[in-house]
Amino acid sequence: MDNRDEIREFLTSRRAKLTPQEAGLSVYGGNRRVPGLRREEVAMLAGVGVDYYTRLERGNLHGASESVLEALARSLQLDEAERAQLFDLARTANASPTTRRRAAPQRVRPEVQRVLDAFVSAPAWVRNARMDFLAGNPLGYALYSEMFSDPLRPANNARFVFLNQRSREFFVDWERAANDIVAMLRAEAGRNPFDQALTDLIGELTTRSDEFSTRWAAHNVRFHRTGRKSLHHPVVGDLDLSFEAMELPGEDLTVLVYTAESASASHDALNLLASWAATLDREDATEAARAIGAGTASSVDRQRKESR
């Protein structure tokens with residue numbers, strides 16, 4: 001696979017983000033034509049020749065040793081996700097030609113569904129690396145009901161964020177959510193460049209959303225393992241939640257679980273949402289989530305009034 005453009009743009013963007021001062025270099029004179037480090041400065045920091053680094057930055061990582069890649073990662077001060085991206089790009093550059101493949105539909109094992117259901121008071125759901133919502137407990141479906149307002153299945157968080165205006169009300173900090181989604185997809189594209197479904201999704205979002213294409217061009221990557229989510233749910237209002245993301249080894253799936261601080265307004269709101277979600281049958285969960293997204297949640301409204 002020819003990924004020279006990806007390599008060039010990634011290395012150039014990382015070099016542009018790092019100033020000489022941040023790299024510990026003394027700067028003499030005020031006329032610098034580049035916002036970050038010069039090529040020769042990166043080469044010096046990495047301990048390689050300028051011509052060799054120039055070849056690397058032009059997209060030729062073929063044959064680059066692990067020690068050279070580690071030196072580049074250190075000189076450009078790459079974080080864990082960026083370092084993984086560099087090594088993924090190098091692995092692809094050195095791989096034999098491979099046909100893009102369309103993976104079989106992913107399914108969640110019954111044992112994993114039982115784990116989700118064991119989280120009675122916490123929303124939990126499973127996604128794949130393309131951000132598809134593959135399974136959840138009733139509270140997970142209820143929390144992400146807005147994602148199901150689009151009839152396309154499987155529901156997809158990236159498509160929801162960039163192609164559904166309701167996401168801008170659902171995510172209190174929409175900009176951060178959008179940045180995170182693109183950075184995760186960019187990291188996955190580096191790790192698994194032959195996934196045709198992922199390529200199709202990225203192509204769709206790039207052509208349909210200027211917000212996505214602008215962020216995609218920045219080549220930012222990140223891991224999404226723990227953090228906070230500020231959401232505005234159409235039924236119970238604002239929710240300030242912590243989340244943990246747990247990967248299922250060998251399955252390329254991630255379990256996400258959300259919790260609220262005890263005795264907080266978000267904790268009370270989750271309890272209210274849980275009281276509604278507990279009344280759902282498993283087969284009705286998706287349709288009920290869509291119903292909330294459409295604004296037909298009168299039963300929850302009644303519960304909220306009764307709890308006052």
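The values are calculated or read from the model by the stated rules, or taken from the named source; none is laboratory data. Because the structure is predicted, anything quoted here is derived from the model rather than measured. Glycine also receives a Cβ, built like all others from the backbone with ideal geometry; neighbour counts cover every protein chain displayed.
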* To do: Taking the options Asp210, Asp180, name whichever one is over 13 Å from the mean Cα position of the chain (by Cα) and not hydrophobic (A, V, I, L, M, F, W, C).
  => Asp210
* **Selection count, segment 16-34, where residues are within 20 Å of Val221 (Cα to Cα) and either aliphatic (A, V, I, L, M) or modelled with pLDDT of 95 or more (or both)** => 2
* Options Leu37, Leu45; residue that is modelled with pLDDT of 95 or more and within 24 Å of Ala218 (Cα to Cα) -> Leu45
* Structure fact -> Matching residues in segment 247-267 (of a type outside the set (S, T, N, Q), loosely packed, with under 14 Cβ neighbours inside 10 Å and out of contact with any helix residue (DSSP H, G or I) (no Cβ under 7 Å at 6 or more places or on another chain)) number 4
* Structure fact -> If you go through Ala73, Ala95, Ala158, Ala64, the only one that is in contact (Cβ under 8 Å) with a residue 60 or more places away in the chain and either more than 17 Å from Met246 (Cβ to Cβ) or assigned to a loop (DSSP other than H, G, I, E, B) (or both) is Ala95
* Residue ID - surrounded by the most Cβ atoms within 10 Å (Cβ to Cβ), chosen from residues in segment 16-51 that are of a type outside the set (A, V, I, L, M), in contact with a Ser or Thr (Cβ under 9 Å, 6 or more places away or on another chain) and in contact (Cβ under 8 Å) with a residue 24 or more places away in the chain -> Arg39
* To do: Evaluate segment 102-114: report whether one residue or more is within 20 Å of the chain's Cα centre (by Cα), small (Gly, Ala, Ser) and buried (at least 18 other Cβ atoms within 10 Å of the Cβ).
  => no
* Structure fact -> Thr12 fails exactly one of (1) surrounded by 12 or more Cβ atoms within 10 Å (Cβ to Cβ); (2) farther than 21 Å from Asn94 by Cα, namely (2)
* **Filtered residues of segment 1-15 (kept if assigned to a loop (DSSP other than H, G, I, E, B) and in contact (Cβ under 8 Å) with a residue 24 or more places away in the chain)** => Met1, Asn3
* Could you run through segment 198-241 and say how many residues are surrounded by fewer than 18 Cβ atoms within 10 Å (Cβ to Cβ) and farther than 16 Å from Thr254 by Cβ? => 20
* Asked: Taking the stated definitions as given, is Arg159 modelled with pLDDT of 95 or more and over 17 Å from the mean Cα position of the chain (by Cα)?
  -> no
* **Inter-residue pairs, beta-carbon under 8 Å, first of a type in the set (Phe, Trp, Tyr) and in segment 187-199, second surrounded by fewer than 20 Cβ atoms within 10 Å (Cβ to Cβ) and part of a loop (DSSP other than H, G, I, E, B), 6+ apart** => Phe194/Met1; Phe194/Thr98; Phe194/Thr99; Phe194/Arg100
* Which numbered condition Val48 misses (of (1) assigned to a helix (DSSP H, G or I); (2) within 19 Å of Ser67 (Cβ to Cβ)) -> (1)
* To do: Please find, within segment 123-143, the residue that is nearest to Pro193 (Cα to Cα) out of those that are more than 16 Å from the chain's Cα centre (by Cα) and of a type outside the set (A, V, I, L, M, F, W, C).
  => Gly136
